[in-house]
Ligand code: ATP
Ligand code: MG
């Protein structure tokens, strides 16, 4: 059976990143959605099995980071991939414009507070990467960050990439597996989705005028993404550039990457120790003793 070769979507660690080498409309190896029919359901079932063991084993945690331009389909990818997973094992956090309290701390603070516990999957809908994306495109945002004098230099972005890599390495060493997704939508498809939001009353609420002003900076954002992905795609926390012009493909590709990440851990249900085995035998005996007699 055909599957998505996720290696093709990987931003190779240590290599210069060129988004132009990644086609946002790619659905390889599926010619159409019809050819991938049933695959998402199958992937969701597999994800459910894996997360059950992840939770029971209670050793690893998985952090999934989603970054994208507006209307690239972050929300729908997250919703579909997480659908059917045990809610106690998954948590989604959305990062918006920082509050005054958040701005009174270092930029990692709000993310570190909500990292997934062992046995769980944490999903970040946007993340600390905004600090080298939107803030890089709009450096005037740095003025609100209360940084000490002399800390805002031309090296600030390189320093932030380094700090992010260091923290991600630390998390990896402590059992948090990290996978990062850039949902890569083309400018033309983004426009089509914006127009749809304006024309469809049920989608009007999703539209904001700032989406159009940010769209005017599309190319600046692409440059910021290229620089950030190139500098922070590592073996322990790789970036995947996921084609996002076809939502069905995005969901499938993201699910596939997560399945592969969990399978690489060789997860196991925890072994039963002697005491636990005795407890189960006692429970079995007691339940048998209280069983209602069979009717003749
Ligand atoms: P939607 O799909 O609903 O538009 P969204 O993730 O775009 O979802 P919005 O409320 O539209 O949510 O936008 C959140 C905004 O917050 C984004 O423009 C993002 O760039 C901005 N943001 C997030 N983190 C930071 C940050 N650290 N500094 C400045 N802006 C940030
Ligand atoms: Mg938005």
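Inside the stretch 75-110, residues that are within 16 Å of ligand 2 (Cβ to nearest atom), under 30 Å from residue 270 (Cβ atoms) and in a loop (DSSP other than H, G, I, E, B) make up a count of 0. If you go through the stretch 206-228 and pick out every residue that is within 25 Å of residue 17 (Cβ to Cβ), within 14 Å of ligand 1 (Cβ to nearest atom) and in contact with a helix residue (DSSP H, G or I) (Cβ under 8 Å, 6 or more places away or on another chain), you end up with 10.
Summed over the stretch 85-124, residues that are within 17 Å of residue 70 (Cα to Cα) and either free of Cβ contacts under 8 Å to residues at least 24 places away in the same chain or over 17 Å from the mean Cα position of the chain (by Cα) (or both) total 1.
So is residue 250 surrounded by 10 or more Cβ atoms within 10 Å (Cβ to Cβ) and either farther than 30 Å from residue 155 by Cβ or free of Cβ contacts under 8 Å to residues at least 40 places away in the same chain (or both) or not? When the stated conditions are applied, residue 250 passes them. Checking each residue of the stretch 125-148 against the condition of being more than 12 Å from ligand 1 (Cβ to nearest atom) and either surrounded by 16 or more Cβ atoms within 10 Å (Cβ to Cβ) or within 17 Å of the chain's Cα centre (by Cα) (or both) gives no match. If you go through the stretch 207-223 and pick out every residue that is touching a residue at least 40 places away in the same chain (Cβ under 8 Å), in a helix (DSSP H, G or I) and within 16 Å of ligand 2 (Cβ to nearest atom), you end up with 5.
Residues that are in contact (Cβ under 8 Å) with a residue 12 or more places away in the chain and within 12 Å of ligand 1 (Cβ to nearest atom) were ranked within the stretch 165-205; the one that is nearest to residue 58 (Cα to Cα) is 183. Of the residues making up the stretch 183-202, those that are surrounded by 14 or more Cβ atoms within 10 Å (Cβ to Cβ) and within 16 Å of ligand 2 (Cβ to nearest atom) are 183, 185, 189, 190, 191, 193, 194, 197. Would a scan of the stretch 57-74 turn up a residue that is within 30 Å of residue 19 (Cα to Cα), within 16 Å of ligand 2 (Cβ to nearest atom) and either in a helix (DSSP H, G or I) or modelled with pLDDT under 95 (or both)? Yes, there is a match, as at least one residue in the stretch 57-74 is within 30 Å of residue 19 (Cα to Cα), within 16 Å of ligand 2 (Cβ to nearest atom) and either in a helix (DSSP H, G or I) or modelled with pLDDT under 95 (or both).
The values are calculated or read from the model by the stated rules, or taken from the named source; none is laboratory data. Quick caveat: nothing in here was measured; it's all calculated off a predicted structure. Cβ coordinates were reconstructed from backbone atoms using ideal geometry, including for glycine residues, and neighbour counts include every protein chain displayed.
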